[in-house]
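A.B. asks: Below is the structure I would like to discuss, written out as structure tokens.
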């Protein structure tokens, strides 16, 4: 969960939560949110109370002055590990020992395993790191999916719905079938979840991901799970696919919401695997990309939708394409 510091109205009391609907600046404290685990709310309320008492100002997006920007909380479902990342500017030195001790005393359902302080002096209203310091514990949490362990760092992508992710990846594995003597490419692999879930049914799996931190996590996860047939490459899929020499039997694609880059899609199809499995979180970009595969000689074999986020319009779509 990514919370934002601000105020409900100009000059009002410090707030920590979400943007007001239809507004750009106004922030509403969401201490009554029923979607997230109650541990998130405990982190939020204690952090907000601390900074209100200290009178630390939030970062103003208009004049670019202030300190507090975001509070990012990650929590695993299976292991109950909690990681807190406070994002601020460098405009004021903060001694956060008191806040950390305050959070250590909170009666969480899970366990606080790490507190990070990220410095972000960029003008854009996104969470990014100029520098990240570990002030307590470690900079990752460990989640379990389908019997495998995954270290999740502060900035690496991981599905927010663990049980939903298990179902999603099970569908991918079932669609792929047994590939014991086959080579699989997992493009846009993130922390290597799909790659490692496929490792037991393949001879070799190669993953590509642009976020270097995620690739390092993927390598560590493969070691953690005792998998010696997974290989991960850091870089843009558009560039790195040209460096791969081995012909894959199956390519799994799990791109971001924008879909596959127009310049990358033909390079990927040029490998001419027997099958593609396209995992899409955006039906629009999937509908845009599929005709290109069909023009290049592939046919949609089956499609299945997975409701990852109940009570929202978002759906994951898993499509199998085979070479005609």
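A.B. asks: Tell me which residues, restricted to segment 90-113, are more than 17 Å from residue 76 (Cα to Cα), in contact with a helix residue (DSSP H, G or I) (Cβ under 8 Å, 6 or more places away or on another chain) and buried (at least 16 other Cβ atoms within 10 Å of the Cβ).
C.D. replies: Matches in segment 90-113: 99, 103.
A.B. asks: In segment 194-203, is there at least one residue being assigned to a strand (DSSP E or B) and more than 25 Å from residue 303 (Cα to Cα)?
C.D. replies: yes
A.B. asks: Looking only at segment 137-155, which residues are surrounded by fewer than 18 Cβ atoms within 10 Å (Cβ to Cβ) and part of a strand (DSSP E or B)?
C.D. replies: Those that are surrounded by fewer than 18 Cβ atoms within 10 Å (Cβ to Cβ) and part of a strand (DSSP E or B): 142, 144, 149.
A.B. asks: State yes or no: is residue 265 crowded, with 18+ Cβ neighbours inside 10 Å and more than 21 Å from residue 174 (Cβ to Cβ)?
C.D. replies: It is true that residue 265 is crowded, with 18+ Cβ neighbours inside 10 Å and more than 21 Å from residue 174 (Cβ to Cβ).
A.B. asks: While we're looking at this one, here's another question. Only residues in segment 32-56 that are more than 21 Å from residue 105 (Cα to Cα) count as the first member; pair them with residues that are in a helix (DSSP H, G or I), Cβ under 7 angstrom, at least 6 apart or cross-chain, and list the lot.
C.D. replies: 33/41
A.B. asks: Answer yes or no: is there a residue in segment 32-44 that is assigned to a loop (DSSP other than H, G, I, E, B), modelled with pLDDT of 95 or more and closer than 18 Å to residue 86 by Cα.
C.D. replies: Within segment 32-44, not a single residue is assigned to a loop (DSSP other than H, G, I, E, B), modelled with pLDDT of 95 or more and closer than 18 Å to residue 86 by Cα.
The values are calculated or read from the model by the stated rules, or taken from the named source; none is laboratory data. Being a predicted model, the structure only gives us computed values, none of them experimental. All Cβ positions, glycine included, derive from the backbone under ideal geometry; neighbour counts span all protein chains shown.
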